[in-house]
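Each remark here refers to the structure printed beneath this line.
Read-outs throughout are calculated quantities, based only on the coordinates presented, and are distinct from any laboratory measurement. Keep in mind that what you see is a predicted model, and the values were worked out from it rather than measured. So basically every Cβ, Gly included, is an ideal-geometry build from the backbone, and we count neighbours across all protein chains shown.
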Amino acid sequence: MTRDAETFWRDYERDTGETVEARAMGQWLGPGAPREGVWGILVLTDRSFHFLGRKSENWVRGLFTLRGREDPEPVEFRIPREALRGLEEPRRTWLSRILGAAFPEIALSWDPAAGGEASRAVFNVDDQQGFLDKLRGAVRGG
């Protein structure tokens with residue numbers, strides 16, 4: 001890990017007061033995400049699940065945009081671990097591995113703070129560092 005990355009994660013833990021257990025690159029696909037999704041970092045801490053991303057314009061659309069460039073709009077949400085209720089991982093067939101998304105798709109569900117029906121978000125997750133194993137444990141209460 002580079003010094004900049006080490007500094008980022010040290011500052012992140014200090015600012016949130018939480019210990020990072022796992023992290024991964026991923027794409028939030030919805031519901032509520034733009035059609036092209038939002039790329040960002042999925043973070044599992046000792047107390048919550050975080051998604052930190054930025055909305056970005058489709059690069060082709062950007063070529064034809066006359067307005068000035070702005071920083072992409074941040075997209076962030078946090079789900080307390082005790083609110084996590086389910087993790088769905090559709091099985092990937094050999095054909096979906098070839099023709100589908102590069103990363104596995106998951107659906108995470110949780111109880112919203114205001115109560116009511118469970119909320120749900122779908123992500124593609126780069127699981128090279130074992131993020132999904134940690135997330136499975138968090139959902140099961142482990």
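Residues in the range 23-51 that are more than 18 Å from Lys134 (Cα to Cα) and among the hydrophobic types (A, V, I, L, M, F, W, C): Trp28, Leu29, Ala33, Val38, Trp39.
A residue that is in contact (Cβ under 8 Å) with a residue 40 or more places away in the chain, in contact with a helix residue (DSSP H, G or I) (Cβ under 9 Å, 6 or more places away or on another chain) and either under 11 Å from Asn124 (Cα atoms) or among the small types (Gly, Ala, Ser) (or both) can be found somewhere in the range 26-43. Of all residues in the range 103-128, how many are among the hydrophobic types (A, V, I, L, M, F, W, C), without any contact (Cβ under 8 Å) to a residue 40 or more places away in the chain and closer than 16 Å to Leu29 by Cα? Here the count works out to 2. Residues in the range 106-121 that are under 22 Å from Val20 (Cα atoms) and either of a type in the set (Phe, Trp, Tyr) or surrounded by 17 or more Cβ atoms within 10 Å (Cβ to Cβ) (or both): Ile106, Leu108, Ser109, Trp110, Ala121. Selection of the range 1-34 for residues being part of a helix (DSSP H, G or I) and either of a type outside the set (S, T, N, Q) or touching a Gly at 6+ places or on another chain (Cβ under 6 Å) (or both) yields Arg3, Asp4, Ala5, Glu6, Phe8, Trp9, Arg10, Asp11, Tyr12, Glu13, Arg14, Asp15.
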